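Trainee: This is the structure I want to talk about, given as structure tokens.
The values are calculated or read from the model by the stated rules, or taken from the named source; none is laboratory data. Quick caveat, the model's predicted, so the values are computed rather than measured. Reconstructed Cβ throughout: ideal geometry from the backbone, glycine too, with neighbour counts over all protein chains shown. Note: accessible area is taken over every heavy atom of the protein model, side chains too, but ligands, DNA and RNA are not part of it. Shrake-Rupley method; radii C 1.70, N 1.55, O 1.52, S 1.80 Å.
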Amino acid sequence: MKAKYAVAKKNPLIPTLYVANLSYKLTEEGLDKFLNRYGKVSYMYLVRDKKTKKSKGVAFVQYAKKDDFYNALKALDSNR
């Protein structure tokens, strides 16, 4: 799994985490549980195929606190 900083289209002032290399079997609940170890997730979008509804292995995540965002970014980016 790896993470990068991304800019949200709706609100570019809120740092957004782009998370890639996720399991295609991962659910929103599983991702939320995993990411909440770094802080309270305020928004999460698991990208899915429009036809099959299966995960594409990437997600966009925002945290309630900027410190939590940076902790997650540092931890996930070092998991390469």
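Trainee: Considering the options Asn36, Leu46, Ala64, tell which one lies farthest towards the positive end of the dipole of region 24-80, charges being +1 on Lys and Arg and -1 on Asp and Glu at the Cβ, about the Cα centre.
Mentor: Toward the positive end, the furthest listed residue is Leu46.
Trainee: Only residues of region 29-52 count here: report those whose backbone N is under 15 Å from the spot 7 Å along Cα→Cβ of Lys65, or say none.
Mentor: Label zone hits: 36-42.
Trainee: Starting from the amide H of Arg48, placed 1.01 Å from N in the peptide plane, find each other amide H under 5 Å away whose residue is 5 or more places distant or on another chain.
Mentor: Here Lys56 satisfy the definition.
Trainee: So, counting K/R as plus one and D/E as minus one, what does the shell of residues with Cβ under 15 Å around Gly39 add up to? List each step's numbers first, then the result.
Mentor: On the way: positive: Lys33, Arg37, Lys40, Lys65, Lys66, Lys74; negative: Asp32, Asp67, Asp68.
Its environment carries a net charge of +3.
Trainee: Could you sort Phe69, Phe60, Phe34 by their accessible area in this structure, using a 1.4 Å probe and putting the largest first? Please list the in-between numbers first.
Mentor: Details: Phe69 0, Phe60 70, Phe34 50 Å².
Correct descending sequence by accessible area is Phe60, Phe34, Phe69.
Trainee: Further question: Please get the size of the charge dipole for region 14-80, origin at its Cα centre, with Cβ charges of +1 on Lys and Arg and -1 on Asp and Glu, quoted in debye to the nearest 20.
Mentor: Numbers: 14 positive and 7 negative charges, 58 e Å.
Here region 14-80 has a charge dipole of around 280 debye.
Trainee: Net charge near Thr27: determine it from the other residues with C-beta under 14 Å of the C-beta of Thr27, scoring Lys and Arg +1 and Asp and Glu -1.
Mentor: Numbers: positive: Lys25, Lys33, Arg48, Lys53, Lys54, Lys56; negative: Glu28, Glu29, Asp32.
After counting each charged neighbour, the total is +3.
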